[in-house]
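These notes are about the structure you will find just below.
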Amino acid sequence: MTDTSVNILGVEFINKTKQEFVFEILSRIEKQEKTFAVTANPEIVMYARNHSSYMKILEHAHMVIPDGIGIVKGAQILGKPLKERVPGYELLLELLAEADKKALKVYFLGAKESVVTKAVSNVAAQYPNIDIVGYRDGYFDINDKKVLEEVKEKEPDMVFAALGYPKQELWISQYLEFADNGFLMGVGGSFDVLSGISQRAPEFYLKHNLEWFYRLLKQPTRFKRMLALPKFVIAVCLQKIKH
(Lines give C-alpha, C1' and ligand atoms only; values in the text may rest on other atoms or scores of the structure.)
Protein backbone atom coordinates (compact mmCIF):
# COMPACT_ATOMS: atom_id res chain seq x y z
CA MET A 1 0.00 0.00 0.00
CA THR A 2 1.23 3.49 -0.81
CA ASP A 3 0.48 6.85 0.84
CA THR A 4 -2.08 7.46 -1.89
CA SER A 5 -4.00 4.20 -1.50
CA VAL A 6 -5.91 2.25 1.13
CA ASN A 7 -5.94 -1.56 1.12
CA ILE A 8 -9.36 -2.95 2.02
CA LEU A 9 -9.56 -6.74 2.02
CA GLY A 10 -6.84 -6.99 -0.61
CA VAL A 11 -8.22 -4.29 -2.91
CA GLU A 12 -6.12 -1.13 -3.28
CA PHE A 13 -8.34 1.96 -3.38
CA ILE A 14 -6.76 5.16 -4.69
CA ASN A 15 -7.22 7.93 -2.13
CA LYS A 16 -8.27 10.92 -4.23
CA THR A 17 -11.21 13.27 -4.48
CA LYS A 18 -13.54 13.13 -7.47
CA GLN A 19 -11.90 16.20 -9.00
CA GLU A 20 -8.44 14.69 -8.51
CA PHE A 21 -9.57 11.55 -10.32
CA VAL A 22 -10.96 13.64 -13.19
CA PHE A 23 -7.69 15.58 -13.46
CA GLU A 24 -5.60 12.40 -13.53
CA ILE A 25 -7.87 10.69 -16.06
CA LEU A 26 -7.77 13.67 -18.43
CA SER A 27 -4.01 13.87 -18.06
CA ARG A 28 -3.62 10.20 -18.99
CA ILE A 29 -5.96 10.61 -21.98
CA GLU A 30 -3.91 13.58 -23.18
CA LYS A 31 -0.74 11.48 -22.94
CA GLN A 32 -2.55 8.61 -24.72
CA GLU A 33 -1.90 6.28 -21.82
CA LYS A 34 -4.12 3.24 -21.49
CA THR A 35 -6.22 3.54 -18.35
CA PHE A 36 -8.52 1.05 -16.64
CA ALA A 37 -10.70 2.43 -13.84
CA VAL A 38 -12.89 0.31 -11.57
CA THR A 39 -15.58 1.89 -9.39
CA ALA A 40 -15.85 -0.61 -6.55
CA ASN A 41 -18.35 -1.02 -3.71
CA PRO A 42 -18.43 -3.61 -0.88
CA GLU A 43 -20.27 -6.09 -3.10
CA ILE A 44 -17.47 -5.99 -5.67
CA VAL A 45 -14.78 -6.29 -2.98
CA MET A 46 -16.46 -9.37 -1.52
CA TYR A 47 -16.84 -10.89 -4.98
CA ALA A 48 -13.14 -10.31 -5.68
CA ARG A 49 -12.26 -11.86 -2.33
CA ASN A 50 -14.05 -15.05 -3.37
CA HIS A 51 -12.90 -15.09 -7.01
CA SER A 52 -9.14 -14.92 -7.46
CA SER A 53 -9.33 -14.36 -11.22
CA TYR A 54 -11.45 -11.23 -10.66
CA MET A 55 -9.12 -10.04 -7.89
CA LYS A 56 -6.23 -10.26 -10.37
CA ILE A 57 -8.16 -8.05 -12.78
CA LEU A 58 -8.61 -5.44 -10.03
CA GLU A 59 -4.91 -5.69 -9.20
CA HIS A 60 -4.07 -4.80 -12.80
CA ALA A 61 -6.48 -1.84 -12.94
CA HIS A 62 -4.80 1.58 -13.00
CA MET A 63 -7.21 2.94 -10.42
CA VAL A 64 -9.82 1.41 -8.14
CA ILE A 65 -12.23 4.14 -7.07
CA PRO A 66 -14.24 4.08 -3.80
CA ASP A 67 -17.84 3.93 -5.02
CA GLY A 68 -20.03 3.11 -2.03
CA ILE A 69 -20.34 4.55 1.46
CA GLY A 70 -19.45 1.09 2.78
CA ILE A 71 -15.95 1.47 1.34
CA VAL A 72 -15.51 4.85 3.05
CA LYS A 73 -16.75 3.40 6.36
CA GLY A 74 -14.47 0.38 5.93
CA ALA A 75 -11.46 2.67 5.50
CA GLN A 76 -12.46 4.54 8.66
CA ILE A 77 -12.64 1.27 10.61
CA LEU A 78 -9.10 0.49 9.46
CA GLY A 79 -7.90 3.93 10.57
CA LYS A 80 -6.99 4.83 6.97
CA PRO A 81 -9.68 7.35 5.99
CA LEU A 82 -10.41 8.03 2.33
CA LYS A 83 -10.86 11.62 1.17
CA GLU A 84 -14.39 11.02 -0.07
CA ARG A 85 -16.80 8.63 -1.69
CA VAL A 86 -16.72 8.94 -5.49
CA PRO A 87 -20.00 7.63 -6.96
CA GLY A 88 -19.42 6.07 -10.36
CA TYR A 89 -22.41 7.82 -11.92
CA GLU A 90 -21.22 11.24 -10.75
CA LEU A 91 -17.73 10.55 -12.08
CA LEU A 92 -19.29 9.50 -15.40
CA LEU A 93 -21.14 12.84 -15.64
CA GLU A 94 -17.97 14.79 -14.81
CA LEU A 95 -16.09 12.95 -17.55
CA LEU A 96 -18.86 13.51 -20.08
CA ALA A 97 -18.77 17.25 -19.28
CA GLU A 98 -15.00 17.28 -19.82
CA ALA A 99 -15.35 15.26 -23.03
CA ASP A 100 -17.82 17.89 -24.23
CA LYS A 101 -15.34 20.71 -23.52
CA LYS A 102 -12.52 18.92 -25.33
CA ALA A 103 -14.57 17.28 -28.11
CA LEU A 104 -13.27 13.84 -27.12
CA LYS A 105 -14.25 10.57 -28.79
CA VAL A 106 -16.56 8.44 -26.66
CA TYR A 107 -17.92 4.90 -27.12
CA PHE A 108 -20.86 3.45 -25.15
CA LEU A 109 -21.06 -0.31 -24.63
CA GLY A 110 -23.74 -2.25 -22.80
CA ALA A 111 -27.38 -2.46 -21.65
CA LYS A 112 -30.33 -3.31 -23.91
CA GLU A 113 -30.40 -1.91 -27.42
CA SER A 114 -33.31 0.40 -26.58
CA VAL A 115 -31.58 1.63 -23.41
CA VAL A 116 -28.15 2.38 -24.89
CA THR A 117 -29.76 4.03 -27.94
CA LYS A 118 -31.81 6.37 -25.73
CA ALA A 119 -28.84 7.03 -23.44
CA VAL A 120 -26.67 8.00 -26.40
CA SER A 121 -29.44 10.23 -27.76
CA ASN A 122 -29.71 12.05 -24.42
CA VAL A 123 -25.94 12.43 -24.11
CA ALA A 124 -25.75 13.85 -27.63
CA ALA A 125 -28.42 16.41 -26.77
CA GLN A 126 -26.86 17.45 -23.46
CA TYR A 127 -23.22 17.33 -24.58
CA PRO A 128 -23.30 18.30 -28.26
CA ASN A 129 -19.53 18.60 -28.65
CA ILE A 130 -18.79 15.02 -27.66
CA ASP A 131 -17.73 12.94 -30.65
CA ILE A 132 -19.83 9.80 -30.10
CA VAL A 133 -17.90 7.39 -32.29
CA GLY A 134 -20.12 4.38 -31.62
CA TYR A 135 -22.29 2.30 -29.34
CA ARG A 136 -23.72 -1.18 -29.06
CA ASP A 137 -25.78 -3.24 -26.63
CA GLY A 138 -24.28 -5.59 -24.07
CA TYR A 139 -25.71 -8.80 -25.46
CA PHE A 140 -22.64 -10.47 -26.91
CA ASP A 141 -20.18 -13.21 -26.05
CA ILE A 142 -17.50 -11.78 -23.76
CA ASN A 143 -14.87 -13.62 -25.84
CA ASP A 144 -16.11 -12.23 -29.19
CA LYS A 145 -13.02 -10.53 -30.63
CA LYS A 146 -15.16 -8.82 -33.27
CA VAL A 147 -16.52 -6.53 -30.56
CA LEU A 148 -12.98 -5.68 -29.45
CA GLU A 149 -12.06 -4.83 -33.04
CA GLU A 150 -15.27 -2.87 -33.57
CA VAL A 151 -14.49 -0.60 -30.61
CA LYS A 152 -10.76 -0.29 -31.34
CA GLU A 153 -11.42 0.79 -34.95
CA LYS A 154 -13.25 3.87 -33.63
CA GLU A 155 -10.14 4.96 -31.66
CA PRO A 156 -12.19 6.24 -28.67
CA ASP A 157 -10.64 8.41 -25.98
CA MET A 158 -13.19 7.07 -23.49
CA VAL A 159 -15.17 3.83 -23.38
CA PHE A 160 -17.95 3.35 -20.84
CA ALA A 161 -18.97 -0.28 -20.37
CA ALA A 162 -22.37 -0.89 -18.76
CA LEU A 163 -22.19 -4.67 -18.58
CA GLY A 164 -22.36 -5.17 -14.83
CA TYR A 165 -19.56 -6.72 -12.82
CA PRO A 166 -17.63 -8.96 -13.33
CA LYS A 167 -18.34 -8.97 -17.07
CA GLN A 168 -17.50 -5.32 -17.68
CA GLU A 169 -14.11 -5.55 -15.97
CA LEU A 170 -13.28 -8.81 -17.75
CA TRP A 171 -14.12 -7.25 -21.12
CA ILE A 172 -12.11 -4.09 -20.36
CA SER A 173 -9.06 -6.12 -19.34
CA GLN A 174 -9.24 -7.99 -22.65
CA TYR A 175 -9.67 -4.76 -24.61
CA LEU A 176 -6.66 -3.09 -23.02
CA GLU A 177 -4.44 -6.02 -23.95
CA PHE A 178 -5.66 -5.56 -27.52
CA ALA A 179 -5.81 -1.74 -27.86
CA ASP A 180 -3.08 0.90 -27.84
CA ASN A 181 -4.75 3.58 -25.73
CA GLY A 182 -8.00 4.85 -24.24
CA PHE A 183 -9.67 5.35 -20.87
CA LEU A 184 -12.14 2.60 -19.94
CA MET A 185 -14.48 2.35 -16.97
CA GLY A 186 -17.28 0.00 -16.01
CA VAL A 187 -20.45 1.93 -15.19
CA GLY A 188 -22.92 -0.81 -14.20
CA GLY A 189 -26.51 0.41 -14.57
CA SER A 190 -25.63 4.01 -15.43
CA PHE A 191 -27.09 3.81 -18.93
CA ASP A 192 -30.51 3.17 -17.36
CA VAL A 193 -30.22 6.56 -15.66
CA LEU A 194 -28.74 8.32 -18.69
CA SER A 195 -31.63 6.99 -20.79
CA GLY A 196 -34.24 8.21 -18.29
CA ILE A 197 -35.58 4.70 -17.69
CA SER A 198 -34.38 4.81 -14.08
CA GLN A 199 -33.91 7.70 -11.69
CA ARG A 200 -31.18 8.31 -9.14
CA ALA A 201 -32.20 8.47 -5.50
CA PRO A 202 -33.76 11.76 -4.30
CA GLU A 203 -31.42 14.35 -2.76
CA PHE A 204 -32.27 13.30 0.82
CA TYR A 205 -30.97 9.77 0.24
CA LEU A 206 -27.87 11.01 -1.60
CA LYS A 207 -27.06 13.57 1.10
CA HIS A 208 -27.29 10.98 3.87
CA ASN A 209 -25.43 8.25 1.95
CA LEU A 210 -28.58 6.14 1.77
CA GLU A 211 -28.69 5.60 -1.99
CA TRP A 212 -28.26 1.85 -1.38
CA PHE A 213 -31.38 1.87 0.83
CA TYR A 214 -33.40 3.72 -1.82
CA ARG A 215 -32.39 1.13 -4.40
CA LEU A 216 -33.47 -1.62 -2.03
CA LEU A 217 -36.87 0.04 -1.55
CA LYS A 218 -37.31 0.31 -5.32
CA GLN A 219 -35.96 -3.19 -6.00
CA PRO A 220 -36.58 -5.55 -3.05
CA THR A 221 -35.01 -8.34 -5.12
CA ARG A 222 -31.63 -6.69 -4.40
CA PHE A 223 -31.88 -7.91 -0.78
CA LYS A 224 -29.73 -10.99 -1.40
CA ARG A 225 -27.03 -8.83 -2.96
CA MET A 226 -27.18 -6.43 -0.02
CA LEU A 227 -26.17 -9.24 2.33
CA ALA A 228 -22.62 -8.64 1.11
CA LEU A 229 -22.54 -5.44 3.21
CA PRO A 230 -22.66 -6.96 6.73
CA LYS A 231 -20.22 -9.66 5.58
CA PHE A 232 -17.94 -6.89 4.32
CA VAL A 233 -18.06 -5.03 7.66
CA ILE A 234 -17.24 -8.20 9.60
CA ALA A 235 -14.34 -8.99 7.26
CA VAL A 236 -12.95 -5.45 7.59
CA CYS A 237 -13.13 -5.66 11.39
CA LEU A 238 -11.22 -8.96 11.24
CA GLN A 239 -8.63 -7.30 8.97
CA LYS A 240 -8.18 -4.54 11.57
CA ILE A 241 -7.74 -7.07 14.38
CA LYS A 242 -5.28 -9.12 12.34
CA HIS A 243 -3.09 -6.13 11.55
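The values are calculated or read from the model by the stated rules, or taken from the named source; none is laboratory data. The model shown is predicted, which means the values in this text are computed figures rather than measured ones. When we count neighbours, we look across all protein chains shown, and the Cβ atoms used for this are built from the backbone with ideal geometry, even at glycine. Surface accessibility is based on the protein's heavy atoms, side chains included, excluding ligands, DNA and RNA. Shrake-Rupley method; radii C 1.70, N 1.55, O 1.52, S 1.80 Å.
Go ahead and estimate [θ] at 222 nm for the chain from helices alone: -39,500 (n - 2.57) per DSSP H run with n ≥ 4, summed, over the residue count, rounded to 500.
On the way: 13 runs with 128 residues, N = 243.
Theoretical 222 nm ellipticity from helices: -15500 deg cm²/dmol.
Using the structure shown, select from 18/112; 34/118; 56/83; 31/146; 105/145; 56/167 the pairs with a Cα to Cα distance greater than 19 angstrom. All intermediate terms of the calculation are to be shown ahead of the outcome.
Working: 18/112 29 Å; 34/118 28 Å; 56/83 25 Å; 31/146 27 Å; 105/145 21 Å; 56/167 14 Å.
Cα-Cα > 19 Å for 18/112; 34/118; 56/83; 31/146; 105/145; rest within.
What distance in nm separates the simple spin-label points at residue 34 and residue 141, each placed 7 Å from Cα in the Cβ direction?
About 2.3 nm separates the two model spin labels.
Pick out, from 133, 14, 171, the residue whose Cα sits farthest towards the positive end of the charge dipole of the chain, with +1 on the Cβ of Lys and Arg and -1 on the Cβ of Asp and Glu.
14
Of 29, 72, 54, which is farthest on the positive side of the dipole of the range 20-76, counting Cα position, with +1 on Lys and Arg Cβ, -1 on Asp and Glu Cβ, and the Cα centre as origin?
Going by the Cα projections, it comes out as 54.
Counting Lys +1, Arg +1, Asp -1, Glu -1, what net charge surrounds residue 153 among other residues with beta carbon under 15 Å of its beta carbon? Intermediate results must be reported in sequence, preceding the final value.
Working: positive: 105, 136, 145, 146, 152, 154; negative: 131, 144, 149, 150, 155, 157, 180.
Surrounding charge for residue 153 is -1.
Given R₀ = 35 Å, FRET efficiency for residue 56-residue 203 by Cβ-Cβ distance, to 0.05?
On the way: r = 39 Å, r/R0 = 1.10.
Efficiency, rounded to the nearest 0.05: 0.35.
5 Å is the cut-off here: which amide hydrogens, built 1.01 Å from N in the peptide plane, fall below it relative to residue 155, excluding neighbours closer than 5 in sequence?
The answer is none.
Name the residues whose placed amide hydrogens come within less than 5 Å of the amide hydrogen of residue 8, ignoring near sequence neighbours (fewer than 5 apart) on the same chain.
13
How long is the gain from residue 129 to residue 83 if the chain were fully straight, where each residue apart is worth 0.36 nm and the alpha carbon distance is subtracted? Write down the numbers at each step before the final one.
On the way: separation 46, 0.36 × 46 = 16.56 nm, distance 3.18 nm.
13.4 nm is the gain from fully extending residue 129 to residue 83.
Test of understanding: in a Gaussian network model of the chain with alpha carbons linked when under 10 Å, which of 109, 184, 78 would top the mean-square fluctuation ranking?
The residue that fluctuates most here is 78.
Just the Cα atoms of the range 143-190, one point each, no solvent: what log10 I(q)/I(0) does Debye give at q = 0.26, 0.27, 0.33 Å⁻¹?
Ignoring solvent entirely, the Cα scatterers give -1.00, -1.07, -1.38.
Keeping all protein chains in place, calculate the accessible area per residue for the range 1-139 (probe 1.4 angstrom), answer in Å². Working shown, then result.
Details: 6340 Å² over 139 residues.
Dividing the accessible area of the range 1-139 by its residue count gives 46 Å².
Please report, in debye to the nearest 20, how large the charge dipole of the range 43-179 is about its Cα centre when each Lys and Arg carries +1 at its beta carbon and each Asp and Glu carries -1 there.
Values: 17 positive and 20 negative charges, 75 e Å.
Using Cβ point charges on Lys, Arg, Asp and Glu, the range 43-179 gives about 360 debye.
Restricting to Cα pairs below 8 Å that are 6+ residues apart, what does the relative contact order work out to for the chain? Please round to a whole percent.
On the way: 388 pairs, mean separation 55.6, N = 243.
Relative contact order here is 23 percent.
Show the residues, 5+ positions off or on another chain, whose built amide H is closer than 5 Å to the amide H of residue 198.
Amide H neighbours of residue 198, under 5 Å, 5+ apart: 193.
Can you give the charge dipole size of the chain about its Cα centre, rounded to the nearest 20 debye, using +1 on the beta carbon of Lys and Arg and -1 on the beta carbon of Asp and Glu? Don't jump to the answer; show the numbers that get you there.
Numbers: 32 positive and 30 negative charges, 220 e Å.
Here the chain has a charge dipole of around 1060 debye.
Could I have the simple spin-label model distance between residue 178 and residue 150, label points 7 Å from Cα toward Cβ, reported in nm to one decimal?
Each label point is offset 7 Å from its Cα along the Cβ direction, giving 1.1 nm.
Measuring from label point to label point, each 7 Å out along Cα→Cβ, what is the residue 239 to residue 90 span in nm?
Using points 7 Å along Cα→Cβ, the separation is 2.2 nm.
In whole percent, how big is the carbon plus sulfur part of the accessible area of the chain, probe 1.4 Å, protein atoms only?
Numbers: 6460 of 12440 Å².
Reported share for carbon and sulfur atoms: 52 percent.
Evaluate the charge dipole of the range 1-106 about its Cα centre and quote only its size in Debye, nearest 20, assuming +1 on the Cβ of each Lys and Arg and -1 on the Cβ of each Asp and Glu. Don't skip to the end; give the middle numbers.
Numbers: 14 positive and 14 negative charges, 21 e Å.
The calculated dipole for the range 1-106 is roughly 100 debye.
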